[in-house]
Amino acid sequence: MFSFLFTLVSLYTLFTLWFAFTSFRERYFRAALTGMAVFLLLALVLGIYSWAKGAGHLAGLIAQSAQMIIGAGLILFTILMFIPLGRNPRALLGTKGMAQGQAEKFNQKDTAFSIAHVGGYGPEAARNRWALQSQDPFGGLFWTLVMGLRYQVDGKVNPNKEQAHSPEEITQRIKEKARYLGADLVGITTRKDDFTYSHAFSYEESKLEVGPAVTTPVDLKHKYVISLGKEMNYPVIRAALTEKDNGSLGEIGKSYNEVAQVACALAGYIRQLGHPARAHHLRNDQIMHIPHAVDAGLGEQGRFCFLLSARYGPRVRLAAVSTDLELVEDRPVDIGVQDFCENCQLCEENCPCNALPAEKKVIRGYERWHQD
């Protein structure tokens, strides 16, 4: 029993040391200090336990029974560590589980980027709106490429519809085509009016720095949304978080360009099948991507308002295709994000401009964390 307990507690001791080191590196000092305190306590317990073994204090019946009870407790605790607790049944309802009160439509000119474009945050912010994206050598290139795709979102529909397939068959084919084109995540949901813009913002007609914002009414009637996600390169993003380089700017543009290409190509494919379809990407979209991605089962919305996926975390850029092609919906998922974000608070505490909230708020009829 001694060898088993000593090995198990040693593993916990090494884990808490690693946890403390990682937390210090991520500037999460409260967790780091907690981890270091637990590490020192466990190290002390190991030292006393080893001394007791060497001094022969563990040979008696009482000592043996105590070790058995402690060992059983540690085994149970270890098992509980791998049981997914903190689930939220409301997450399985997707955006329906977030609904609170009267929903309101949203004009795209009121997004932060659109406001910045027309000088709503001042001329310097308007200039940096584009200048910052060009600091990385690849940044300007990819942002320019994705801008060029804004005219490729729609097109003529083949008047000769392909022979009818069941919704299940065509859904499988569409997902296969999406992955072939480069999507790392793909899910399907019905289009929600609450998450369709009332008006779309025009970058071409809205004058940079001085405005006014020019918009056109959105009249999107498509029934389904195919939500698409593209993974961002882990080493590049990780380096940007720790070394403050600008490589992430090019990676963001690259990912947006790639997922926009997927959306435009997939929409074109569906139109060739004889069904209307429109791509929605960073530079020409009529829907809000994150709530549709939540309903399509790509992940959950976290404290800092991004989509958190099970496989890639927040390293995902989104685009979508809306269509009337009859498809089979996916279901929202519960991967523990709500409970995790309630307890973690790492992004909130480290946000340099205090833009992330401590509590959820009801925004346009839906309860969620809301960036300021």
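The values are calculated or read from the model by the stated rules, or taken from the named source; none is laboratory data. A quick note: this is a predicted structure, and the numbers were derived from the prediction, not measured. Positions of Cβ are generated from backbone atoms using ideal geometry, with glycine treated the same way; all protein chains shown enter the neighbour counts.
The set of residues in segment 244-284 that are over 24 Å from residue 196 (Cβ atoms), touching a helix residue (DSSP H, G or I) at 6+ places or on another chain (Cβ under 9 Å), charged (D, E, K, R) and not in a helix (DSSP H, G or I) contains only 245.
The residues listed here are 348, 359; of these, the one that is free of Cβ contacts under 8 Å to residues at least 60 places away in the same chain, part of a helix (DSSP H, G or I) and surrounded by fewer than 18 Cβ atoms within 10 Å (Cβ to Cβ) is 348. Checking every residue in segment 56-77 against the condition of being closer than 27 Å to residue 349 by Cβ, within 40 Å of the chain's Cα centre (by Cα), not assigned by TED's automatic domain parsing to the domain that holds residue 344 and not acidic (Asp, Glu) gives zero matches. Scanning segment 53-62 for residues that are surrounded by fewer than 14 Cβ atoms within 10 Å (Cβ to Cβ) and part of a helix (DSSP H, G or I) yields 54, 61, 62.
Being among the β-branched types (Val, Ile, Thr) and closer than 16 Å to residue 322 by Cα is a property that holds for residue 189.
Against the criterion of being part of a strand (DSSP E or B) and farther than 30 Å from residue 27 by Cα, residue 229 does not qualify. Consider segment 113-127 and keep the residues that are assigned to a helix (DSSP H, G or I) and surrounded by 14 or more Cβ atoms within 10 Å (Cβ to Cβ). The one that is nearest to the chain's Cα centre (by Cα) is 114. Residues in segment 233-253: is at least one modelled with pLDDT under 95 and touching a Lys or Arg at 6+ places or on another chain (Cβ under 6 Å)? Yes: one or more hits.
One line per residue, one yes/no per condition, for (1) out of contact with any Cys (no Cβ under 6 Å at 6 or more places or on another chain); (2) crowded, with 19+ Cβ neighbours inside 10 Å; (3) under 23 Å from residue 237 (Cα atoms):
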position	(1), (2), (3)
293	yes, yes, yes
301	yes, yes, yes
304	no, no, yes
315	yes, yes, yes
332	yes, yes, no
339	yes, no, no
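Inspect segment 211-234 for any residue being surrounded by fewer than 19 Cβ atoms within 10 Å (Cβ to Cβ), farther than 20 Å from residue 288 by Cα and of a type in the set (Val, Ile, Thr) and give the result as yes or no. No; the residues of segment 211-234 include none that is surrounded by fewer than 19 Cβ atoms within 10 Å (Cβ to Cβ), farther than 20 Å from residue 288 by Cα and of a type in the set (Val, Ile, Thr). Here 273, 307 are screened, and the one residue that is in contact with a strand residue (DSSP E or B) (Cβ under 9 Å, 6 or more places away or on another chain) and modelled with pLDDT of 95 or more is 307. If I filter segment 155-174 for residues that are closer than 13 Å to residue 287 by Cβ and not polar (S, T, N, Q), do I get at least one hit? No - not one qualifying residue is present in segment 155-174.
Residues that are touching a residue at least 60 places away in the same chain (Cβ under 8 Å) and under 12 Å from the mean Cα position of the chain (by Cα) were ranked within segment 281-291; the one that is surrounded by the most Cβ atoms within 10 Å (Cβ to Cβ) is 289.
When every residue of segment 181-190 is checked against the conditions, at least one turns out to be part of a helix (DSSP H, G or I), under 23 Å from the mean Cα position of the chain (by Cα) and modelled with pLDDT of 95 or more.
Of the residues making up segment 78-107, those that are under 30 Å from residue 191 (Cβ atoms) and more than 21 Å from the chain's Cα centre (by Cα) are 100, 101, 102, 103, 104, 105, 106, 107.
Right, residue 314: free of Cβ contacts under 8 Å to residues at least 60 places away in the same chain and over 26 Å from residue 106 (Cβ atoms) or not? Taking the combined requirement at face value, the residue does not satisfy it.
Annotation: of all residues in segment 179-204 being within 15 Å of residue 289 (Cα to Cα) and among the charged types (D, E, K, R), the one that is surrounded by the fewest Cβ atoms within 10 Å (Cβ to Cβ) is 193. Which of the residues belonging to segment 17-29 are in a helix (DSSP H, G or I), in contact (Cβ under 8 Å) with a residue 12 or more places away in the chain and either over 27 Å from the mean Cα position of the chain (by Cα) or within 14 Å of residue 349 (Cβ to Cβ) (or both)? Result: 17, 23. Would a scan of segment 154-166 turn up a residue that is on the phi < 0 side of the Ramachandran plot, part of a helix (DSSP H, G or I) and touching a residue at least 40 places away in the same chain (Cβ under 8 Å)? Taking every residue of segment 154-166 in turn, none turns out to be on the phi < 0 side of the Ramachandran plot, part of a helix (DSSP H, G or I) and touching a residue at least 40 places away in the same chain (Cβ under 8 Å).
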